[in-house]
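Novice: Mind looking over this structure? Questions follow.
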Amino acid sequence: MARQSTDQGTGGESDPGATLKAASTAPQVVGTTPQVTPTKKATRDGYGEAILILGEKNPQVVVLDADTASSTRTGAFAKKFPERFFNVGVSEQDIIGVAAGLAASGKIPFATAYSIFITGKGWDQIRHSVCYSNLNVKIVGSHAGIVTGPDGATHQALEDIALMRCLPRMKIIVPCDALEARRATLAAAEIYGPLYLRLTREPLPVITDESSRFEIGKANILRQGDDLAIIASGSMVWEALKAAEILSQEGVQTRVVNLHTIKPLDEETIVSAAKECGAIVTAEEHQIHGGMGSAVAEVVVKNYPVPMGIVGVKDKFGGSGEAEELLCAYGLKATDIVLSAKDVLTRKR
Amino acid sequence: MNNCKRTDYSGLEKIAKQIRRDIIAMITEAKSGHPGGSLSMTDILAVLYFKQMRHNPKNPQWEERDRFILSKGHACSALYACLARAGYFPPEELLTFRKLHTRLQGHPALDKGLPGIENTSGALGQGLSFACGIALSGRLDKKNYRVYCMLGDGELDEGQVWEAVLTASHYKLDNLCAIVDYNGFQLDGKLDEIKNMAPLTAKWQSFGWQTIEIDGHNYNEIDNAFEQAKKIRGFPTAIIAHTIKGKGVSFIEGDNQWHGKAPTKEQAEKATQELL
């Protein structure tokens, strides 16, 4: 089983054989998933569309990239608004500083690059030039999570949320699909202050629709249930819905919360989930240390302690592979959420 | 510089002495700070704020103002004193430097709302990128303001500086003028012993900048360099200013133990006497 193989030893990156085996023997969830598999689209595409809308609407919006424009989907903006697009080259420290200077002069910059590099290499600049300075810079990281795939661990941002979450004044949004990414981008331009938008390269099922609500800092409950709550973000929201379906067939009424804003946290929705369900599993494509699960645990412990499971990457680096293979190998599928749920339910009360 | 007409700089010299006395008083009162690198850039600041820059202390957010970005944030006592003497805030506030809840933080903080402060600094290497952003914004808005950015020479060890140097030349930011306070020392010692930066001027030139090399304590040269930089089109300008760390106080000059040390009361009195 995928879960067992990746829990052993030092992880998939040092044992490619185990990773491949795990992928090929991963449990199938066909027949227990929500009835229709939605069309897929990458959140980076939702972002690319939104900045075009913003470009039309607001002359103060500018976009920066660090030599990744064709990957991060800022290319269309660059073509349409060349005077408001700045490619600073492979310079993730500089891009943050330049964006901060633009923000200090009244612009609304969207500084865009691969998520691990812009948050990792740019962290000191984000801390001082953006957050401490309280400037209106939007930091956009594409290619987040393990689904970045064959490029391997260097390009798979699994620590970015932890890096951004500890910074005062920072807001963090992890859209679950391309439509939500578009809404999140539009909303980001409307709210003052530092903000990190986490995007994926891999197409994700589009599970929200034109009527879905999006408010920064307000989680969305996608499915009601009182036995257990799964709180998920980004690509794991779809897996959470699938897990809820499996659990419901076993009689576990599962609530699914799309926690698209990791900071500021919707404490009310989290505490309600703890009180009303009595057990929580979080699911994210990020290290289990310092990510969304940690953030939820902090709120739960402080307000209403209940048993919790944290599904995520278990303190190890990623590796090359196809997205789906990696999700299986690293224990990030619906079935892994189900296993965690069952463990949590035995500890309930 | 020989052919430039002579201007009377005695007024500026007087202001610079006042700023230097303030620096000594602030650091002595705070019992900590960075006298060496503050004193080395004081004359350049005096020329900028009291002659070259278009700015209005009564309207610090004036959109057309020239911007001064301090990248070597540890030398902020000089900037605070300069801003106070220019009229941005009362000089009495200078003695709150580095104290609890002060607007005059140990390293400048934009979020404290001190009038005249344009950027946060202290983490070295970040100012020039920030200045590039302001310069790009000015161009986009078709404003005529100029952006000045003061860097330390030790600070040039930071890789981000060179990322920004490339950005500025790529975007032909001729509204941007960097000044390197080339006093030859960094925290641990002489530049050429810690991390050799020579040939410094050639480095900036090879990165696509126009350069002007001056004596950073000669008012005529400082003033003319800024005048010359204003006329350069299509390139950013770097003024490489040869300075003396601790300039103006005999026992601090050129002695790097004063990089980040406060004078005693007695030493402060002696320094102040020298600066009258």
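The values are calculated or read from the model by the stated rules, or taken from the named source; none is laboratory data. Since we're looking at a predicted model, the values are computed, not measured. Glycine gets a Cβ as well: all are built from the backbone with ideal geometry, and neighbour counts include every protein chain shown.
Novice: Being at the interface with chain B (Cβ under 9 Å from one of its Cβ atoms), assigned to a loop (DSSP other than H, G, I, E, B) and closer than 18 Å to residue A:54 by Cβ: is that true of residue A:106 here?
Specialist: yes
Novice: For the stretch B:108-132, give me each residue that is in contact with a Lys or Arg (Cβ under 8 Å, 6 or more places away or on another chain), within 12 Å of residue B:69 (Cβ to Cβ) and in a helix (DSSP H, G or I).
Specialist: Answer for the stretch B:108-132, where residues must be in contact with a Lys or Arg (Cβ under 8 Å, 6 or more places away or on another chain), within 12 Å of residue B:69 (Cβ to Cβ) and in a helix (DSSP H, G or I): B:127, B:131.
Novice: Sticking with this one: Does the stretch B:214-241 hold any residues that are surrounded by fewer than 17 Cβ atoms within 10 Å (Cβ to Cβ), touching a strand residue (DSSP E or B) at 6+ places or on another chain (Cβ under 8 Å) and over 22 Å from residue B:170 (Cα atoms), and which are they?
Specialist: Selection gives B:215 alone.
Novice: Another one. Would you mind stating whether residue B:155 is over 27 Å from residue A:110 (Cα atoms), in contact (Cβ under 8 Å) with a residue 40 or more places away in the chain and in a helix (DSSP H, G or I)?
Specialist: Answer is yes for this residue.
Novice: Just need a number here: residues in the stretch B:144-179 that are of a type in the set (Lys, Arg) and touching a Pro at 6+ places or on another chain (Cβ under 9 Å).
Specialist: 1
Novice: Against the definition (in a helix (DSSP H, G or I) and either crowded, with 21+ Cβ neighbours inside 10 Å or in contact with a strand residue (DSSP E or B) (Cβ under 9 Å, 6 or more places away or on another chain) (or both)), how does residue B:179 come out, yes or no?
Specialist: Taking the combined requirement at face value, the residue does not satisfy it.
Novice: Further, regarding this structure: Residues that are aliphatic (A, V, I, L, M), touching a residue at least 60 places away in the same chain (Cβ under 8 Å) and within 26 Å of residue A:197 (Cβ to Cβ), at least 3 per element: which helices (runs of 4 or more DSSP H) completely within the stretch A:236-349 meet that?
Specialist: A:236-249, A:292-303, A:323-329
Novice: Which of the residues spanning the stretch B:137-175 are away from every other protein chain (no Cβ under 11 Å) and aromatic (Phe, Trp, Tyr)?
Specialist: B:148
Novice: Restricting attention to the stretch B:106-136, which residues are surrounded by fewer than 24 Cβ atoms within 10 Å (Cβ to Cβ) and either away from chain A (no Cβ under 11 Å) or free of Cβ contacts under 8 Å to residues at least 24 places away in the same chain (or both)?
Specialist: If the condition is that a residue be surrounded by fewer than 24 Cβ atoms within 10 Å (Cβ to Cβ) and either away from chain A (no Cβ under 11 Å) or free of Cβ contacts under 8 Å to residues at least 24 places away in the same chain (or both), then B:106, B:109, B:110, B:111, B:112, B:113, B:114, B:115, B:116 are the ones that fit.
Novice: Name the helices (runs of 4 or more DSSP H) wholly within the stretch A:13-90 that hold at least 3 residues that are modelled with pLDDT of 90 or more?
Specialist: A:43-57, A:69-72, A:75-80
Each row is one residue, and each column tells you yes or no for (1) among the charged types (D, E, K, R); (2) away from chain B (no Cβ under 14 Å); (3) within 14 Å of residue B:120 (Cα to Cα); (4) without any contact (Cβ under 8 Å) to a residue 60 or more places away in the chain.
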site: A:76; (1), (2), (3), (4): no, yes, no, yes
site: A:96; (1), (2), (3), (4): no, no, yes, yes
site: A:101; (1), (2), (3), (4): no, no, yes, yes
site: A:113; (1), (2), (3), (4): no, no, no, yes
site: A:122; (1), (2), (3), (4): no, no, no, yes
site: A:128; (1), (2), (3), (4): no, no, yes, yes
site: A:134; (1), (2), (3), (4): no, no, yes, no
site: A:158; (1), (2), (3), (4): no, yes, no, no
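Novice: If you don't mind, another one. Based on this model, can you work out whether residue B:1 counts as surrounded by fewer than 24 Cβ atoms within 10 Å (Cβ to Cβ), out of contact with any Cys (no Cβ under 7 Å at 6 or more places or on another chain), hydrophobic (A, V, I, L, M, F, W, C) and at pLDDT below 95?
Specialist: Taking the combined requirement at face value, the residue satisfies it.
Novice: Something else: Looking for something polar (S, T, N, Q) and touching an Asp or Glu at 6+ places or on another chain (Cβ under 9 Å) - is there at least one such residue anywhere in the stretch B:104-119?
Specialist: no
Novice: Here's a follow-up. Could you list all residues from the stretch B:210-258 that are among the aliphatic types (A, V, I, L, M), in contact with a Gly (Cβ under 7 Å, 6 or more places away or on another chain) and under 19 Å from residue B:272 (Cα atoms)?
Specialist: Across the stretch B:210-258, the qualifying residues are B:244, B:252.
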